[in-house]
Amino acid sequence: MIDTRLLREKPDDVRAAYQRLGATVDLDGVIAADTRVRDLKNESQTLQAEQNRLSKEIGRAAAGEAREKAKADSMALKEKIAKLEGELASAEAGLDTLLLELPNLPHPSVPVGKDESENVVLREEGSKRSFDFTPKPHWDLGTALDIIDFERGVKISGTRFYVLKGWGARLQRALITLMLDLHTRKHGYVEIYPPYMVRRDCLVGTGNLPKFGDNLYRDAVEDFWFIPTAEVPVTNLYRDEIVDGVVRVDLTIERDKRIVGTVVIDGIGVDVLAEIRRLTD
């Protein structure tokens, strides 16, 4: 969530950052909502102070007309404060919703480009392999080797799904085991297997809700949500806890991640597979 102080103190910087990002954001609406909340808070505090003054006045006043008038004024003020508190709660909830919908600000070091063709390569590791033949894409190789079944994946689950079988299934399982064993045995990581479903506030805290709520699966009765990535439960492991000293959490986690979309490779449209197994640290 964007700090409201940044919106108040440097709105032009925030607006320029969103322009670099290419995001359409009603920043003026968010700032107006923040102003409304602060105005209501100030008014509420002023009325509370007046309420305290009247309470003291009632305590000091002798029985009679002045005391009764102070009590009547206090009751009227109490009702006004209660109404104002309702307006404030509604305004704060509205502001929170607007803030949660705001995209993250790009880091100043991120280069600006019109599309992926203008991405800047920071470094390359190793050497690219060269072939004396034209390599086949994995979807052709997998089908030829009978280790990937796209047709039956689509039949049982729909577009973009697949079935790994035989050596394809064994290969995936071996790669997962390799990465887990490598990082837990040699690099000091701790393997974590968190729940697949989390509470709503976990997804709010990681910025997934309400922004991406339409793209997440959930149990509407219990209000449990399937995680989109491992970062959601991992980030919430120590949420609302106070810990002594410095806690360093190294995590290697196997999880499912849903990807939706289509990529084009050399002019050939290829559906992105709906699930990949991933390791997250």
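Below 8 Å between Cα atoms, with a sequence gap of 6+, how large is the relative contact order for the range 4-101 in percent?
Numbers: 44 pairs, mean separation 33.3, N = 98.
34 percent.
Provide the gained length on full extension for the span residue 204 to residue 48, in nm with one decimal, where the gain is 0.36 nm per separating residue minus the Cα-Cα distance.
Details: separation 156, 0.36 × 156 = 56.16 nm, distance 3.22 nm.
52.9 nm is the gain from fully extending residue 204 to residue 48.
Report the calculated FRET efficiency for residue 155 and residue 3 (r = Cβ-Cβ distance, R0 = 45 Å), to the nearest 0.05.
Working: r = 49 Å, r/R0 = 1.10.
Between residue 155 and residue 3 the formula returns 0.35.
If you stretched the chain out fully between residue 24 and residue 181, how much longer would it get, using 0.36 nm times the residue separation minus the C-alpha to C-alpha distance? Working shown, then result.
Numbers: separation 157, 0.36 × 157 = 56.52 nm, distance 4.40 nm.
Computed gain between residue 24 and residue 181 is 52.1 nm.
Structure shown: which of 10/83; 10/41; 10/114 lie over 28 Å apart, alpha-carbon to alpha-carbon?
Pairs exceeding 28 Å: 10/83.
Please compute the modelled spin-label separation between residue 115 and residue 129, points set 7 Å along Cα→Cβ, answer in nm with one decimal.
Rounded to a tenth, the inter-label distance reads 2.9 nm.
In units of 2.2 N^0.38 Å, what is the alpha-carbon radius of gyration of the range 109-193? Don't skip to the end; give the middle numbers.
On the way: Rg = 18.7 Å, N = 85, 2.2 N^0.38 = 11.9 Å.
The reported ratio for this selection is 1.57.
Where both partners of a DSSP beta bridge lie in the chain, what percent of those bridges are antiparallel, to the nearest 5?
Working: 17 of 19 bridges.
Close to 90 percent.
Starting from one equal scatterer on each C-alpha and no solvent at all, send me the Debye-based log10 I(q)/I(0) for the chain at q = 0.07, 0.14 Å⁻¹, two decimals.
Debye intensities relative to I(0), on a log10 scale: -0.49, -1.34.
Applying 1/(1 + (r/R0)^6) with R0 = 30 Å to the Cβ-Cβ distance of residue 90 and residue 65, what FRET efficiency is obtained, to the nearest 0.05? All intermediate terms of the calculation are to be shown ahead of the outcome.
Numbers: r = 38 Å, r/R0 = 1.27.
Here the calculated transfer efficiency is 0.20.
Report, as a whole number in µm² per second, the diffusion coefficient that Stokes-Einstein gives for the range 20-99 at 4 °C and 1.567 mPa s using the Kirkwood radius over alpha carbon pairs. Walk me through the numbers on the way to the answer.
On the way: Rh = 14.9 Å.
Taking Rh from Cα pairs, D becomes 87 µm²/s.
Obtain the nm distance between the two label points defined at residue 169 and residue 107 by a simple spin-label model: each point lies 7 Å from its Cα along the Cα-to-C-beta direction.
4.1
What order do you get for 131, 224 when you list them from fewest to most C-beta neighbours inside 10 Å?
Numbers: 131 6, 224 16.
Exposure proxy ranking, most exposed first: 131, 224.
Here, each number is a calculation from the coordinates, and none is a lab measurement. Please read all numbers here as calculations on a predicted model, not as lab measurements. Here the Cβ is made from the backbone with ideal geometry for all residues, glycine too, and neighbour counts use every protein chain on show.
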